Amino acid sequence: MKVKTKLNNKPVVFDIEPGEYLLDTLRKHPVTSVKRGCDAASCGVCTVLINNEPMLSCSLLTARTEGKEITTVEGIQDAIRTFYDYFGDEGADQCGFCNPALALTVYAMKHELTNPTLEEVREYLVGNLCRCSGYEAQYRAIYKYLGDQS
Ligand code: FES
Ligand code: FES
């Protein structure tokens, strides 16, 4: 079946199997920034933005993206570059596997919350798991980034 959508601001027609999940569709295209972790809607590494809202691509049927806008980090490189500078400054970078999903979630948070508290930042990111960092440096970097951008 065909699904017409927009991927990173470009119109695209996905030719998919019925029941195909967006993570599989994107990896075929190939959007390699979108990672596969648990494949069970629990870890957050497959996050993409659908109409600017974070969603888990491993549990979202591609057919449901008809007429919507899908954004991955490939589509917001300039915005993301500044964010990664804060990560570097706070020593928050480790293996990087969770970074694309985290960056997209922060991008959405920046547009949704004004001057969030550290507690609100933590709460917003509760679905983004990281196997390496212990979170504290990440939260510090994100909190500073959002504070400086507002
Ligand atoms: S791979 Fe989708 S939530 Fe873990
Ligand atoms: S930095 Fe390795 S999973 Fe987050």
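Any read-out appearing in this document is the output of simple, stated calculations on the displayed coordinates, not a laboratory observation. This structure is a prediction, so every number in the text was calculated from the model and none was measured. Using ideal geometry, Cβ is built from the backbone for each residue, glycine included, and neighbour counts are taken over all protein chains shown.
Values computed for the structure shown
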quantity	calculated
Tail beyond 21 Å, pair distance distribution of region 1-136 (Cα, percent)	40 percent
Alpha-carbon radius of gyration plus Dmax, which is the widest Cα pair, for region 76-149 in Å	11.0, 30
For region 78-127 and region 18-67, distance of Cα centres in Å	19 Å
Charge dipole (debye, nearest 20) of region 69-150; +1 at Cβ of Lys and Arg, -1 at Cβ of Asp and Glu	140 debye
Interatomic Cα distance distribution for region 2-74, bins of 10 angstrom, percent	22, 62, 16
Anchor residue 110: lysines whose Cα lies under 19 Å away (excluding residues fewer than 8 positions away in-chain)	144
Between helix 136-149 and the chain: long-axis angle, C-alpha atoms, 0 to 90°, nearest 10	90 degrees
Proximal lysines relative to residue 68, as straight alpha-carbon distance under 16 Å, when same-chain residues fewer than 8 apart are discounted	2, 4, 6, 10
